[in-house]
Structure formats: C-alpha cells, structure tokens
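See structure below.
The values are calculated or read from the model by the stated rules, or taken from the named source; none is laboratory data. Please read all numbers here as calculations on a predicted model, not as lab measurements. When we count neighbours, we look across all protein chains shown, and the Cβ atoms used for this are built from the backbone with ideal geometry, even at glycine. In case anyone asks, the SASA skips ligands and DNA or RNA and just uses the protein heavy atoms, side chains included. Shrake-Rupley method; radii C 1.70, N 1.55, O 1.52, S 1.80 Å.
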Amino acid sequence: MIYIEFAHTGSSHESQHLGGENLARVMLEKYSPKSSVNTAIGTTPTGKPCFREEKNVDFSISHSEEIVMCALYCPEQSETKGAIPFPENGVLRFGSCYFIEGDNPSPKIGADIEKLDTKMTEERLSALAKRYFHENENSYMEKNGFSRVKFYTVWTGKESFGKMLGTGLKGILSGFDVTSQNSAVIKNFTLKKDGVSYVGSICFNY
C-alpha cells in the first residue's frame, strides 16, 4: 500500500528537512504492519533518503514553501489504516491522508510538490518548456491551451520520476517523455492551503 500525507513546516531549509524526516518516521510507525520498526534514516549510494534497516519500505519527501509531503510505499501492508482513496480527479485536501494500492515487493517511489508560481508569466513558462521538455510533453501542454497547472504537472512528474529512480533530473528533461512513459505509475494532484495553490506528482513502480 502507498500512503500520502502532508504537514506544515517552517520556511527554513533546516525546518523543512527535519519536518520531512519526522513525517516519514511517523508514517512508518503508523502504517507499517510490523510490531517494531527501525526509523533511522540514511541515504542510498545515489543519495536518495531511505530507512537504513527497513529495506522493504520506500519513501519520498518533498516540500514547497511551508508544506512538506511524504509518500510511503509499504507493500507488506494491505490495510488502509484510516486513509482515504486517492481521488480520480487528483484534488487533494491538506490534513487528509490518502492511499493508493501497490504491492511491488521491491518498492520504489518518488514524490514532488511545487507551489504555482504566479509571478512568472505563462509565456515565459511555455518558452522554458519548449527549451527543456520533450516535444510530446509540449504537445500535451499546448493542447486546448497552455496553463501553469499543465507546466507544473509535467515538471513534478519529471521530478517524481527522477526521485523514484534516485537519479534526479539527469537524463529525463528533453530526452524523456513523462506523459507517455509506461515503466511506472504517475499520479498527479493539486492542493490548496490558505489560498495558495500547489501541484504535485507521485511516481511508483508496480
């Protein structure tokens, strides 16, 4: 099972980092079916955060402004534990916990959330997309009109895919089409808190 939660954190890098790791630990203790869990956090050889002793659980943390999110992939768990289904329309609410069914014995997951930047014009975002994104992604964004939400949907999709692999964005900008890949599942979402809009993506193997 995959679980998604959000929390409020401070705006400093330190508070975001500590808030993300704390959320991951709390979620592991809450959702793992084991009677005891090891919550020590380390990194993989590529630098991706991981639980040092819980090899059958994967997680990904992302933060934007004062919001931090964690996606936890715990294939040994089959109970929803009070979480609600991830909605088909992808509209999430801060304070709610969500689940997505997933049972890969070697779980890999990546998550990314970004605040919608209203200061940058859509023309500028479109120009950046044409320069750095795959042509199929640009076709997706231009269909029925370009928008900030479409831009950040593609951007966070790329980020979450790279975080799932543990490689970051290396090799998955213009040379990779996140809108048509079939090697993983990508769930996109929108979120609002205190009048601020966010867009995000969760990517996992199946």
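Lysine pair count for segment 1-104 (Cα-Cα distance under 20 Å; residues 8 or more apart in sequence or on different chains): 4. Cross-link partners of Lys170 among aspartates and glutamates, defined as those whose alpha carbon lies under 20 angstrom from its own and excluding same-chain residues fewer than eight positions apart: Asp112, Glu114, Glu135, Glu137, Glu159. Ordering Pro49, Ser78, Ile2 by Cα displacement along the dipole of segment 1-137 toward the positive end leaves Pro49 in first place; charges were set at the Cβ atoms of Lys, Arg (+1) and Asp, Glu (-1). Label segment 39-125 by shape, choosing from rounded, prolate and oblate, from the square roots a ≥ b ≥ c of the eigenvalues of the Cα gyration tensor; if a/c is under 1.5 it is rounded, and otherwise prolate applies when a/b is larger than b/c, oblate when it is not. Note, shape of segment 39-125 comes out oblate.
Counting only residues at least eight positions apart within a chain, or on another chain, the aspartates and glutamates with an alpha carbon under 12 Å from that of Lys193 are Glu65, Glu66. Computed from Cα positions, the angle between helix 148-165 and the longest principal axis of the chain comes to roughly 40 degrees.
Within the shell of other residues whose beta carbon sits under 15 angstrom from the beta carbon of Cys50, the net charge comes to +2, with Lys and Arg scored +1 and Asp and Glu -1.
Ranking Ser36, Ser15 from most to least accessible surface, computed with a 1.4 Å probe over the protein chains only, gives Ser36, Ser15. The stretch between Val185 and Asp103 holds 28.3 nm of extra length on full extension. This uses 0.36 nm per residue minus the Cα-Cα distance.
Highest-first packing order for the peptide set 157-164, 186-193 is 157-164, 186-193, based on the mean count of other beta carbon atoms within 10 Å. Compared with the dominant principal axis of the Cα atoms in the chain, helix 122-132 is inclined by about 70°.
Here segment 133-203 is assigned +1 on the Cβ of each Lys and Arg and -1 on the Cβ of each Asp and Glu. Its dipole about the Cα centre then comes out at about 240 debye.
Every helix of 4 or more DSSP H residues in the chain counts as -39500 (n - 2.57), and over all residues that averages to -9000 deg cm²/dmol at 222 nm. Measuring from centroid to centroid over Cα atoms, what is the spacing of segment 83-100 and segment 1-33 in Å? Taking the Cα centre of each part, segment 83-100 and segment 1-33 sit 16 Å apart. For the peptides 4-13, 24-33, the ranking by packing is 24-33, 4-13, with the highest mean count of neighbouring Cβ atoms within 10 Å listed first. Placing Glu88, Glu137, Glu142 in order of accessible area, with the largest value first and a 1.4 Å probe, yields Glu88, Glu142, Glu137.
Shape class for the chain, computed from the alpha carbon gyration tensor (a ≥ b ≥ c): prolate, with a/c not under 1.5 and a/b above b/c.
Surface analysis of the chain yields an accessible area of 50 Å² per residue, using protein heavy atoms and a 1.4 Å probe. Nonpolar atom fraction for segment 14-160, defined as the carbon and sulfur part of the 1.4 Å probe accessible area, stands at 46 percent.
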